[in-house]
Amino acid sequence: MASAAPPPKPVPWVTAIDEERPVTGKDLDQFPPCTVGDTLARAAASWPDTPMLVPADPSEATLTFSGFSDAARRLARAMLAAGLGRFDGVAILGFNAIPWHTAAVGGILAGGVIAGMYPTNSPPVCAHILTDARVRLAFVDSLAAVEKLLEARRIASESPDASGSVLTKIVAWGIPASDLNAPKFADARDVVTTWEQFLEAGDASDVTDEALDAVMATQKPGHCCTLVYTSGTTGPPKGVMISHDNVNWTVAVTQTTVRLGPGDRGVSYLPLSHVAATMIDIHGCLGIGFTMHFARPDALKGSLGETLKAARPTFFLAIPRVWEKMTEAMLSVRARGSRIQNAISDAAQGVGRAASEADEFGGPGEAGRPWGYAFADIAVFRNVRRAMGLDQCKVLVNAAAPLPRAALDYLRGFHMVLGDIYGQSECSGPATVNRPWHYKVGSSGTAADGVEVKIMNVAAASAGDKGVDVAAGEGEGEVCSRGRNTFMGYLNNAKATKEVIDDEGWLHSGDLGRLDTDGFLWITGRLKELIITAGGENVAPAPIEAAIVERAPAVERAFVVGDRRKFLSVLIIVKAKADGTLTGAAKDVDPAVTTAAEVSAGGSDAWKALLDKAVAGANEVSHSRASRVQKWVVLERDLSEEEGELTPTLKVKRKNVVKNFEYVIERLYG
């Protein structure tokens, strides 16, 4: 008798908003699949009176876990009363605050799918999200956001992709009802409402807790609960579908990977529409039980330091620009110090760097602490970390891009262990992590618990062959990962999804990297950003750019060009304020040169010597003759989101940069 046919393989991806992707994995017993509603109920029961969310304004009340559960369920009932249907989109546009969290979790409880928007998103981009995610309700924190979404609603209503009613209600928090009664909103009286009015309408409705529980009972771990929209470097933003299991499993393994738990504290300031903040600030609180302190909206303009000193976080994640600003502030303090104070600090930094090197993977650890460490720790390190608000931090993370070596080394001089992590929206955040007790400086760490990472041959990946692997320590290729953190698929976009998730469930990142023999990942560039010279050589620009910035602290950014050209050139952007005035290390190169425009126009001998040396140094470590830079030029301004050169998450749109500065590039090759 013929044997039964083997069961079909689980589908590795889905693209319909209401489709379930079955949860698979080797650790289902260790981390049982569950929904966000399950996690909320467990958090409220486990830590009912523990502070969960601490507002930026000390006059406002802190919300406990049980208080947050009540608030989220109340808002969920109001959403159901407002007509939110199963898998309808719930958009949120505003700075990090308790209402953001409440709308995110409340929307999931009510059966909706959360779609965060960046404050810098234009009305057309917002309209795309409204249509793509079938957004019915939106929550905002300003009148400007109300106006933007009304315009986006108008654009979306005229789109051929619009189906049914788009955006029936815009709910504004922190705004008086009188402001929404202004004449400019006269035609939107039935659409715009305040947070308080929305809740009161829900309370007055016939939607009960039992009705909410019935909706929650239909939710499964394999259903989509959140959409994280990509930055759109190559086209309209794509909706990255994140499931309940993606969220809960990622939080659980983050807890085991970096050893966080109840009682830990964090600071919420990075955009909650970004996958990192979604996972850590919102769902990390619920799954791990830590307390999140909110920063003020002007956090990145200077107030973040005050929040850090008030919150005293035990873990802190920042992007390179934040760490650089901290470094610049510390150097500014040093400039005002006495010769004796600076001499003590310099000596301590030598000790700190030696201690940091001893702590690296393969090092002797505490046994290798240099002579004088105890004194340096008491006299300098502790005071510096306390002044930064990081004296109680046990986990310091750099994310989004490598931190320039000058800033990294300066911070390591105070024995601050900064670990790079690597990931993307499509893997729900982290894929590899540098743990404080297991790290290599410059690497992106080893695979997070429960995640598989491998390298695939670049040429094979470029040709669409996804079956050729590169062994650890034997070269670079495309970074691929697999785990329960792999996203469900791109919403309504099967073509794009097939390009990144293969039949075996491997997520193809598009990033170039290598694994060393210890399992540490080293990112070397982007597959799609490879420059193909006139001679046919493939060159990754990222390592060259990093090498230049590393050798010139006065440089903010380097941008290598040379596609289909005989040689490479680099566009250089020096550190300057928005008005063009030089700042940081740039202002010390030549006191007579004070603006980026002056440097661009020719600068001085000091500037030319600095940049010649940086480019020459990068060429010395280049991997081939084709990857050496022959010419450079300084631009008058930095890249900007307004000019279409940066995404909301500050990723560079290379094609747009080349287009916008084509006249500069042509002069280099003229």
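The values are calculated or read from the model by the stated rules, or taken from the named source; none is laboratory data. Predicted model only: the values in this text are computed from it and were never measured. Backbone-built Cβ (ideal geometry, glycine too); neighbour counts: all protein chains shown. For accessibility, only protein heavy atoms count, side chains too; no ligands or nucleic acids. Shrake-Rupley method; radii C 1.70, N 1.55, O 1.52, S 1.80 Å.
Take the residues in region 206-257 that are hydroxyl-bearing (Ser, Thr, Tyr) and part of a helix (DSSP H, G or I), then tell me which one is surrounded by the most Cβ atoms within 10 Å (Cβ to Cβ).
Once the filter is applied, the top-ranked residue is Thr250.
Just checking, how many residues over region 28-60 are hydroxyl-bearing (Ser, Thr, Tyr) and either part of a strand (DSSP E or B) or more than 24 Å from Pro221 (Cβ to Cβ) (or both)?
Total satisfying the criteria: 2.
What number of residues in region 422-444 are surrounded by fewer than 24 Cβ atoms within 10 Å (Cβ to Cβ) and either basic (Lys, Arg) or within 22 Å of Trp506 (Cα to Cα) (or both)?
Number satisfying all stated conditions: 4.
Quick one: how many residues across region 352-363 are in contact (Cβ under 8 Å) with a residue 40 or more places away in the chain and either farther than 16 Å from Gly442 by Cα or open to solvent by less than 60 Å² (accessible area, probe 1.4 Å) (or both)?
Of the residues in that region, 5 qualify.
In region 321-388, which helices (runs of 4 or more DSSP H) lie fully inside it and hold 3 or more residues that are under 31 Å from the mean Cα position of the chain (by Cα)?
339-359, 382-388
Go through Val633, Val664, Val615, Val599 for me and flag whichever is free of Cβ contacts under 8 Å to residues at least 40 places away in the same chain and either more than 30 Å from Ser122 (Cα to Cα) or part of a helix (DSSP H, G or I) (or both).
Val599
For region 642-654, give me each residue that is touching a residue at least 12 places away in the same chain (Cβ under 8 Å) and more than 16 Å from the chain's Cα centre (by Cα).
Glu643, Gly644, Glu645, Lys653, Arg654
Can you name every residue in region 158-199 that is free of Cβ contacts under 8 Å to residues at least 12 places away in the same chain and either of a type in the set (Lys, Arg) or under 16 Å from Ala91 (Cα atoms) (or both)?
Arg189
For region 258-290, how many residues are more than 18 Å from the chain's Cα centre (by Cα) and in a helix (DSSP H, G or I)?
So the answer is 3.
Can you name every residue in region 115-139 that is out of contact with any Ser or Thr (no Cβ under 8 Å at 6 or more places or on another chain) and of a type in the set (Phe, Trp, Tyr)?
Phe139
Hey, among the residues in region 545-581 that are outside any loop (DSSP other than H, G, I, E, B) and charged (D, E, K, R), which one's surrounded by the fewest Cβ atoms within 10 Å (Cβ to Cβ)?
That would be Arg557.
If I filter region 517-528 for residues that are within 13 Å of Ala614 (Cα to Cα), in contact (Cβ under 8 Å) with a residue 60 or more places away in the chain and not polar (S, T, N, Q), do I get at least one hit?
No, there is no match, as no residue in region 517-528 is within 13 Å of Ala614 (Cα to Cα), in contact (Cβ under 8 Å) with a residue 60 or more places away in the chain and not polar (S, T, N, Q).
How many residues does region 61-101 contain that are out of contact with any Gly (no Cβ under 9 Å at 6 or more places or on another chain) and more than 19 Å from Ile288 (Cα to Cα)?
3
Ala431 versus (1) in contact with a Phe, Trp or Tyr (Cβ under 6 Å, 6 or more places away or on another chain); (2) more than 24 Å from Arg514 (Cβ to Cβ); (3) not hydroxyl-bearing (Ser, Thr, Tyr): which is the lone unmet condition?
Condition (2) is where Ala431 drops out.
With the requirement that a residue be among the small types (Gly, Ala, Ser), closer than 15 Å to Asp516 by Cα and open to solvent by 30 Å² or more (accessible area, probe 1.4 Å), what does region 445-460 give you?
Scanning region 445-460 gives a single hit, Ala447.
Tell me, yes or no, whether region 323-334 has at least one residue that is open to solvent by less than 50 Å² (accessible area, probe 1.4 Å), in contact with a helix residue (DSSP H, G or I) (Cβ under 6 Å, 6 or more places away or on another chain) and within 20 Å of Asp57 (Cβ to Cβ).
So far as region 323-334 goes, no, none of its residues is open to solvent by less than 50 Å² (accessible area, probe 1.4 Å), in contact with a helix residue (DSSP H, G or I) (Cβ under 6 Å, 6 or more places away or on another chain) and within 20 Å of Asp57 (Cβ to Cβ).
Tell me, yes or no, whether region 326-337 has at least one residue that is at pLDDT 90 or above and over 12 Å from Leu411 (Cα atoms).
No, region 326-337 contains no residue that is at pLDDT 90 or above and over 12 Å from Leu411 (Cα atoms).
Looking at region 295-341, which of the residues that are among the polar types (S, T, N, Q) and without any contact (Cβ under 8 Å) to a residue 60 or more places away in the chain is farthest from Ala379 (Cα to Cα)?
Here the answer is Ser303.
Could you tell me which residue of region 513-550 is nearest to Glu478 (Cα to Cα), considering only residues that are in contact with a Pro (Cβ under 9 Å, 6 or more places away or on another chain) and acidic (Asp, Glu)?
Glu529
If you scan region 166-179, which residues turn out to be open to solvent by 50 Å² or more (accessible area, probe 1.4 Å) and small (Gly, Ala, Ser)?
Matches in region 166-179: Gly174, Ser178.
Inside region 492-533, can you point out the residues that are open to solvent by 10 Å² or more (accessible area, probe 1.4 Å), part of a loop (DSSP other than H, G, I, E, B), in contact with a strand residue (DSSP E or B) (Cβ under 9 Å, 6 or more places away or on another chain) and at pLDDT 90 or above?
Asn492, Asn493, Asp502, Glu504, Gly505, Trp506, Asp516, Asp518, Gly519
Quick grid of which residues meet (1) farther than 30 Å from Glu452 by Cβ; (2) touching a Phe, Trp or Tyr at 6+ places or on another chain (Cβ under 6 Å):
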{"position": "Trp522", "(1), (2)": "no, no"}
{"position": "Arg557", "(1), (2)": "yes, no"}
{"position": "Leu568", "(1), (2)": "yes, no"}
{"position": "Ile572", "(1), (2)": "yes, yes"}
{"position": "Asp579", "(1), (2)": "yes, no"}
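Being in contact (Cβ under 8 Å) with a residue 12 or more places away in the chain, open to solvent by 20 Å² or more (accessible area, probe 1.4 Å) and either of a type in the set (Val, Ile, Thr) or in a loop (DSSP other than H, G, I, E, B) (or both): is that true of Arg21 here?
yes
Restricting attention to region 389-427, which residues are touching a Gly at 6+ places or on another chain (Cβ under 9 Å) and part of a loop (DSSP other than H, G, I, E, B)?
Gly389, Ala399, Pro402, Gly413, Phe414, His415, Met416
Test Ile155 against the stated conditions and say whether it is at pLDDT 95 or above and more than 16 Å from Phe198 (Cα to Cα).
No: the conditions fail for Ile155.
When region 180-205 is examined, which residues are found to be under 12 Å from Leu143 (Cβ atoms) and either open to solvent by 60 Å² or more (accessible area, probe 1.4 Å) or not in a helix (DSSP H, G or I) (or both)?
Asn181, Ala182, Lys184, Val192, Thr194
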